[in-house]
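The values are calculated or read from the model by the stated rules, or taken from the named source; none is laboratory data. Bear in mind that the values here come from a model prediction, so they are computed numbers and not experimental data. Using ideal geometry, Cβ is built from the backbone for each residue, glycine included, and neighbour counts are taken over all protein chains shown. For the accessible areas, the whole protein counts, side chains as well, though only heavy atoms, and no ligand, DNA or RNA atoms are used. Shrake-Rupley method; radii C 1.70, N 1.55, O 1.52, S 1.80 Å.
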Amino acid sequence: MHGEVHVNRAIQRADLIVGIGLRFDDRVTGNLAAFAPRAQIVHIDLDRSEIGRNVRTALGIVGDAAVVTRRLVAETAARDCDAWRAEIEGCRRPPDASFRGGLSPEAILAAIRDVTDGACTIVTDVGQHQMWVAKLFPYRRPNTHITSGGLGTMGFAVPAAMGVHLARPGEVVWAISGDGGFQMNMAEMATMVQEGLTVKMAVFNNGYLGMVRQWQQFFHGKRYSSTPIWSPDYVKLAAAYGIPGYRVQHASELADAVGQANAAPGPTLVEFVIEQEANVYPMIPPGGSLAEPIEAGV
Ligand SMILES: Cc1ncc(C[n+]2csc(CCOP(=O)(O)OP(=O)(O)O)c2C)c(N)n1
């Protein structure tokens, strides 16, 4: 749905796709009839019932991804792929400028990267902020991007981040949520305090259920039905739990607030008051082909 243009183009042009542990759901394929028209598909999954369920597969392999991949690599001779790589690079777009400037998602994530030196685990909720994190945070270590993926579980970030803290004591853990998803599980702040769990909470407050609002803007004539949402004062809310809170409304406040929130002992919360109608690009319309993305400024 929000995949990079060059990646989707590569899928559309590929003659072989090896899918490992994915279910080819509609957010990945777009219109199935137009998906990867040239490709033979090899589907590797632990669950036999996934194979051939959504896309026609040339070869299904049921098994543990690590075991199967190791065996596949051992069996497959190296090939020169320079021309193919160059073709994919040729489709790459410059970064979306609408992420830039002011209190943009890019600026917020750069501030978190700067204060943590990129050495943190980020747990996201579900929505636009989740897409921005996936696209813009410069992950350097495996398994440091925790998200509910295809399950799309709003409310996931805060409790999941508490779990990450328990599993990786000593790791800095940021839970990044939208104002919608945060309000679904914010009561867990009590557990955090009671159990002494250190999670840095970031709330991207755009005053909307942003990802759904974007659909309403693009495909339903801007009829914002049930997507504008009210929020409490998050800084006061955090204070009620004894948690230091910071509100960031301007880019100039970013470094200080994020730095203090990261450095203070125990849980902290930063509310980022972002542009209300910011969008995630590119976007494949529901039922559309991967070959026809909506791009920023088009
Ligand atoms: C429990 C649940 N309810 C509804 C949805 C459908 N849904 C997906 S994204 C989204 C909006 C999320 O809004 P918000 O948490 O404010 O994040 P934003 O998109 O603004 O970053 C909704 C309602 C869902 N994924 N999970």
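Between Arg53 and Ala65, the modelled label-to-label distance comes to 1.5 nm, taking each label 7 Å out from Cα in the direction of the beta carbon.
Averaged per residue, what accessible surface does the stretch 34-111 expose to a 1.4 Å probe, in Å²? Don't jump to the answer; show the numbers that get you there.
Working: 5260 Å² over 78 residues.
The answer is 67 Å² per residue.
Carbon and sulfur atoms: what percent of the 1.4 Å accessible area of the chain do they account for?
It is 54 percent, rounded to a whole number.
Size of the stretch 216-298: Rg and Dmax of its alpha carbons, in Å, are 18.1, 50.
For the stretch 160-270, what does the alpha-carbon gyration tensor say about shape, rounded, prolate or oblate, given a ≥ b ≥ c as the root eigenvalues, a/c under 1.5 as rounded, and a/b over b/c as prolate?
Numbers: a/c = 2.14, a/b = 1.77, b/c = 1.21.
Cα axes put the stretch 160-270 in the prolate bin.
Identify all lysines with a Cα-Cα distance to Lys200 below 23 Å; exclude those on the same chain that are fewer than 8 residues away in sequence. Qualifying lysines at Cα under 23 Å: Lys135, Lys236. Applying both filters, DSSP loop and at most 12 other Cβ atoms within 10 Å, to the trypsin sites (Lys or Arg not before Pro) of the stretch 10-41 gives Arg38. Beta bridges assigned by DSSP with both partners in the chain are antiparallel in approximately 5 percent of cases.
Note: the stretch 72-123, Cα convex hull, 171 Å³ per residue. Pop the C-beta distance of Arg141 and Lys222 into the FRET formula with R0 = 30 Å and round what comes out to the nearest 0.05. After rounding to 0.05, the efficiency reads 0.15.
If you look at the Cα atoms of the chain, you get an Rg and a Dmax of 20.7, 61 Å. With bins 10 Å wide beginning at 0, the percent of Cα pairs of the stretch 1-108 falling in each bin runs 12, 34, 33, 16, 5, 0.
When the helix-only estimate is applied to the chain (DSSP H runs of n ≥ 4, each -39,500 (n - 2.57), divided by the residue count), what is the mean residue ellipticity at 222 nm, nearest 500 deg cm²/dmol? Write out the running numbers ahead of the final one.
Details: 12 runs with 107 residues, N = 298.
Computed mean residue ellipticity for the chain: -10000 deg cm²/dmol.
Note on the stretch 10-29 and the stretch 151-187: Cα centroid distance 29 Å, given to the nearest whole angstrom.
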